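**Q** The structure is given below, and queries will be raised subsequently.
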Amino acid sequence: MPPTHFDSILKKRSVFTMIILILSAAVVCSVILAVSIGQVSIPFMESYRILVYQLTGIPIGDIGELASGSQVDIIWHIRLPRVLLAMIAGSGLALCGTVMQASVQNPLADPYILGISSGASLGATFSIMIGFGAAGIIGGMGIAFWAFIGALGAAALVLVLASIGGKTSSVKLVLAGTVINALCSAFSNFIVYFAKDAEGIRSVTFWTMGSLASAKWDKLPLIAIVMLIAVLFLLFQSRIMNTMLMGDETAVTLGVNLHFYRRLYMIISSMITGVIVATCGIIGFVGLIVPHLVRSVVGSDHKRLLPVAVLASAIFLIWTDVLARTVIPNGELPIGIVTALFGAPMFMYMLMKKSYGFGGK
């Protein structure tokens, strides 16, 4: 008996469910393995025992070894916050890239190409080189606060420029992002050139390359809450994003207000990117490359694409960070260098081997 359309749908759903389960298990295993790897190597089972006890209070083995000691300090206070930050940041960058590519109907779009990262870099450069402060809680935030403000300011300028003269379109958004990117980069270079502060220049350079070295438990709640809310909201927006891929005329015919949704998705993506850049610095290519690779496997339906991209990018950035902090003995590479080394060749390979669009596999 030939397979029916219903059978085909069930098969696709079962394959998608299997992919989600495999990737979820891979995330958990990656977290345990990543906290075991470093300048001080810790056995996998020892890391597992410590994490289970610290997270649930359930002892596996000697309770004294699970509650205190150098291995507990290394895993719980140093490595786990960093690994969790990598997982959250990777998921956020892929989520932003996927949403922006649908919003502007351009597979090359991501928060960095649209100028948001340059805005964050300008804010960080301003704080480091000028030393501008603010009173109270805002002053205590320092570089992170001004990077966040820069990202939001750049996103707002992109939206304003793209909406001048009529409704926002995908072409106008990309062109506006290019203008803001160039403008923010020029101002950043201007500040660095006239500041003539060697220590500040090194700080700015490190910031623009990205790093997870500053990860601490108190930095995780904000970025985790923002990511959770964004993921839950955008997962229910898959129909709108699928409609966007059909083109402006088709979307308008189907009753989708593209002007409203483009602005909404741009604001959400800029908020996520701003929080990530404020915490980790600039990490490029993740939001561009991972959605491409995932789309070639699961297709362009955002109901499947978004959750798979989020999980795959979490795994990618966890292991990228492991490589960044272990490749140099007694030192580490900025994670932005590692993602660029992986991302640029992969992107060039994709461009040379096939004509890539939103059609997926």
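**Q** Which number in (1) open to solvent by less than 50 Å² (accessible area, probe 1.4 Å); (2) part of a loop (DSSP other than H, G, I, E, B) marks the one condition that Ile60 misses?
**A** Every listed condition holds for Ile60 apart from (1).
**Q** Looking for something modelled with pLDDT of 90 or more and either of a type in the set (S, T, N, Q) or open to solvent by 10 Å² or more (accessible area, probe 1.4 Å) (or both) - is there at least one such residue anywhere in the range 95-113?
**A** Going through the range 95-113, the residues modelled with pLDDT of 90 or more turn out to be 95-99.
Narrowing the set further to residues that are either of a type in the set (S, T, N, Q) or open to solvent by 10 Å² or more (accessible area, probe 1.4 Å) (or both) leaves 98.
The answer is yes; a qualifying residue exists.
**Q** While we're looking at this one, here's another question. Which numbered condition in (1) outside any helix (DSSP H, G or I); (2) under 16 Å from Met271 (Cβ atoms) is the only one that Gly165 fails?
**A** (2)
**Q** Take Ile315 and decide whether it is farther than 19 Å from Gly343 by Cβ, open to solvent by 10 Å² or more (accessible area, probe 1.4 Å), β-branched (Val, Ile, Thr) and over 11 Å from the mean Cα position of the chain (by Cα). Spell out how you get there, then give the answer.
**A** On the way: farther than 19 Å from Gly343 by Cβ: no; open to solvent by 10 Å² or more (accessible area, probe 1.4 Å): yes; β-branched (Val, Ile, Thr): yes; over 11 Å from the mean Cα position of the chain (by Cα): yes.
Taking the combined requirement at face value, the residue does not satisfy it.
**Q** Mind checking which residues of the range 216-247 are closer than 24 Å to Ile75 by Cα and over 15 Å from the mean Cα position of the chain (by Cα)?
**A** If the condition is that a residue be closer than 24 Å to Ile75 by Cα and over 15 Å from the mean Cα position of the chain (by Cα), then Lys216, Trp217, Asp218, Lys219, Pro221 are the ones that fit.
**Q** Collect the residues in the range 125-135 that are outside any loop (DSSP other than H, G, I, E, B) and either open to solvent by 10 Å² or more (accessible area, probe 1.4 Å) or charged (D, E, K, R) (or both), keeping them in residue-number order. Walk me through how you get there before you give the answer.
**A** Pass one, the range 125-135, residues outside any loop (DSSP other than H, G, I, E, B): 125-130.
Within the range 125-135, Phe126, Ser127, Ile128, Met129, Ile130 meet the criteria.
**Q** May I ask you to list the residues in the range 299-308 that are touching a Gly at 6+ places or on another chain (Cβ under 9 Å) and at pLDDT 90 or above?
**A** Of all residues in the range 299-308, those touching a Gly at 6+ places or on another chain (Cβ under 9 Å) come to 299-301, 305.
Matches in the range 299-308: Asp301, Leu305.
**Q** Report, ordered by the first and then the second residue, all pairs with beta carbons closer than 7 Å, sequence separation of six or more or different chains, a first member in the range 284-304 that is under 18 Å from Phe342 (Cβ atoms), and a second member that is surrounded by fewer than 22 Cβ atoms within 10 Å (Cβ to Cβ) and of a type in the set (Phe, Trp, Tyr).
**A** The qualifying pairs are Leu288/Phe347; Ile289/Phe347; His292/Tyr356.
**Q** Got a number for residues in the range 245-290 being hydroxyl-bearing (Ser, Thr, Tyr) and open to solvent by 30 Å² or more (accessible area, probe 1.4 Å)? Show your work before the answer.
**A** Within the range 245-290, the first condition is being hydroxyl-bearing (Ser, Thr, Tyr), and the residues that meet it are 250, 253, 261, 265, 269-270, 273, 279.
If we keep only those that are open to solvent by 30 Å² or more (accessible area, probe 1.4 Å) too, we end up with 250, 253, 261.
Adding up the residues that qualify gives 3.
**Q** Looking for something at pLDDT 90 or above, of a type outside the set (Gly, Ala, Ser) and crowded, with 20+ Cβ neighbours inside 10 Å - is there at least one such residue anywhere in the range 179-196?
**A** Among the residues of the range 179-196, at least one is at pLDDT 90 or above, of a type outside the set (Gly, Ala, Ser) and crowded, with 20+ Cβ neighbours inside 10 Å, which makes the answer yes.
**Q** Right, something else. Specify which of the listed residues (Ile149, Ile225, Ile240) is in contact with a Gly (Cβ under 7 Å, 6 or more places away or on another chain) and either part of a helix (DSSP H, G or I) or open to solvent by 70 Å² or more (accessible area, probe 1.4 Å) (or both).
**A** Values: Ile225 fails: in contact with a Gly (Cβ under 7 Å, 6 or more places away or on another chain); Ile240 fails: in contact with a Gly (Cβ under 7 Å, 6 or more places away or on another chain).
Unique residue meeting the criteria: Ile149.
**Q** Please state which one of Leu66, Leu21, Leu122 is open to solvent by 10 Å² or more (accessible area, probe 1.4 Å), modelled with pLDDT under 90 and either within 22 Å of Leu212 (Cα to Cα) or assigned to a helix (DSSP H, G or I) (or both).
**A** It is Leu122.
**Q** If you don't mind, there's one more thing I want to ask. List the number of the failed condition for Gly255; all other conditions in (1) of a type outside the set (Asp, Glu); (2) assigned to a helix (DSSP H, G or I); (3) at pLDDT below 85 hold.
**A** Every condition holds for Gly255 apart from (2).
**Q** Quick one: Ile283 ticks every box in (1) within 14 Å of the chain's Cα centre (by Cα); (2) modelled with pLDDT of 85 or more; (3) in a helix (DSSP H, G or I) bar one, so which box is it?
**A** (3)
**Q** I need every pair where a residue in the range 75-104 that is touching a residue at least 12 places away in the same chain (Cβ under 8 Å) and of a type in the set (D, E, K, R) has its Cβ under 6 Å from the Cβ of a residue that is part of a helix (DSSP H, G or I) and surrounded by 24 or more Cβ atoms within 10 Å (Cβ to Cβ), sequence separation at least 6 or different chains.
**A** Arg79/Val35
The values are calculated or read from the model by the stated rules, or taken from the named source; none is laboratory data. Everything numeric here is computed off the predicted structure, so don't read it as measured data. Note that each Cβ is placed from the backbone with ideal geometry, even for glycine, and that neighbours are counted across all protein chains shown. We work out accessible area using only protein heavy atoms, side chains counted, and drop any ligands, DNA or RNA first. Shrake-Rupley method; radii C 1.70, N 1.55, O 1.52, S 1.80 Å.
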